[in-house]
Amino acid sequence: MTPQIATILGLVIMFIAATALPINMGAVAFALAFVIGGVWVGLQGKEVLAGFPGDLFLTLVGITYLFAIAQKNGTVDLLVHWAVRGRIVAIPWVMFVITGLLTTFGALGPAAVAIIGPVALRFAKQYRINPLMIGLLVIHGAQGGGFSPISVYGGITNKVVEKAGLDVAEMAVFLTSLGFNLMMAIICFCAFGGLKLMRRQELSLADAHYVPMADDRASTRPVAIEGHGSLVAAGGGRLPANPRALDAVALTPDRLITLGGLLGLGIAALVYNLNVGLVSITVAVALALIWPNAQKGAVDYIGTGVSHIGMPLLGALLLCYVGGIVSAFASSAAVLGATIPLAVPFLMQGQLGAAGVICALAVSSTIVDVSPFSTNGALVVASAAKGERDALFRRFLVYSGLVVLLGPLVAWLLLVVPSWL
């Protein structure tokens, strides 16, 4: 067996094992890298480890650590409550924006969904908002910000593109993904009750009630709208005044410093081009020191085959569908790292715009993360009330099936065929 074939089989085994079994894809990838690299390729252990993306790992650890602290000390809830300000119709869009900001500043999509999803589903229950709609906006928000230059998906995509010698602007990928996910969010909002939400008549205080979620056993801190007295919602609806809730989302010293740390992370990464992972770990460690309790809690081979199709447009479409279908069940980060290099051979022919193809692959591989079999979709379904999970799972399944079927095609038609990128 040639090294190329062995590597291809390794990728297939990795995706199947991580999809069918409750095992971490990264752990499988490490094991296969040492087995295939040592047996078929003849690499030493140090040579295998040399291919490990240390910067990306550092970013994942730092960002996850920082936002875990921000979630535990209430900073994320504070941002949500500030943004809503009593307007019921704004709740789904605030969830979209907040998750988008989290991933824009480096949080991994599933981490952002895990932070905001339970809050969003609670609001949906309290104020009679379609849980499918608000859950989809949470996921599309996370994917919309997922390709910023300092994000994990953006880092993977940009490094693969740079290594391949392709000329693709980082912001082009980011803005394309953001625009595509915003379009999907608008469609979801209009199709699943958003228009009715805008026309909602005045609500009494009794209409909005405290709804405990599954994780309330671990924390008694309620999620309710912050304000001074009762807040007036859009269309005359009023959100409840709750003394405990008002206290829960107050601007405390730890939340103020956390907000400053998040702002500093953005400035350091975007203005001064400092390493996101190192900055985020530094900020997180500083917060943990000040408040210790806050932290408790074979691609070239296939690519040549694709380029031999002789029809670059068809090859791009097939890659979009491969990325979309596999990503619906497996890690989008892993899929991006495996599919983008496959496009390099026919991009080198110069018949297609590199930026358009890369953007289409990025969108196709992440737009399908609404699938209940993916981490993002599963997190939202798990955040729903126990009696609603089965129905919400089926609705997510139908919607994600349509996205997997049509999403890559639409991305290909809009971004690759016109050759405007």
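Test of understanding: among G377, G387, G356, which residue is assigned to a helix (DSSP H, G or I) and either touching a Cys at 6+ places or on another chain (Cβ under 7 Å) or farther than 23 Å from V138 by Cβ (or both)?
Answer to the selection: G356.
Among the residues of the stretch 344-353, are any part of a helix (DSSP H, G or I) and under 21 Å from the mean Cα position of the chain (by Cα)?
no
I need the full set of residues from the stretch 319-338 which are closer than 19 Å to F30 by Cα and either under 16 Å from the mean Cα position of the chain (by Cα) or modelled with pLDDT of 80 or more (or both), in order please.
Correct list: A330, S331, S332, A333, A334, V335, L336, G337.
Could you pull out the residue among V48, V39, V12 that is loosely packed, with under 13 Cβ neighbours inside 10 Å, modelled with pLDDT under 80 and not assigned by TED's automatic domain parsing to the domain that holds K125?
Sole residue among the options that is loosely packed, with under 13 Cβ neighbours inside 10 Å, modelled with pLDDT under 80 and not assigned by TED's automatic domain parsing to the domain that holds K125: V39.
Between I139, I88, I63, which is buried (at least 24 other Cβ atoms within 10 Å of the Cβ), over 11 Å from the mean Cα position of the chain (by Cα), over 25 Å from L263 (Cβ atoms) and of a type in the set (A, V, I, L, M)?
Residue meeting the stated conditions: I88.
Can you pull out the residues in the stretch 21-36 that are modelled with pLDDT under 75 and either farther than 19 Å from T375 by Cα or assigned to a helix (DSSP H, G or I) (or both)?
M25, G26
Condition first: farther than 16 Å from F147 by Cα and of a type in the set (G, A, S). Now tell me which residues in the stretch 176-193 satisfy that.
A185, A191, G193 - these are the residues of the stretch 176-193 that are farther than 16 Å from F147 by Cα and of a type in the set (G, A, S).
Tell me which residues, restricted to the stretch 170-199, are among the small types (G, A, S) and under 17 Å from L336 (Cβ atoms).
Scanning the stretch 170-199 gives A172, S177.
The values are calculated or read from the model by the stated rules, or taken from the named source; none is laboratory data. Treat the numbers as computed from the prediction; the structure is a model and nothing was measured. All Cβ positions, glycine included, derive from the backbone under ideal geometry; neighbour counts span all protein chains shown.
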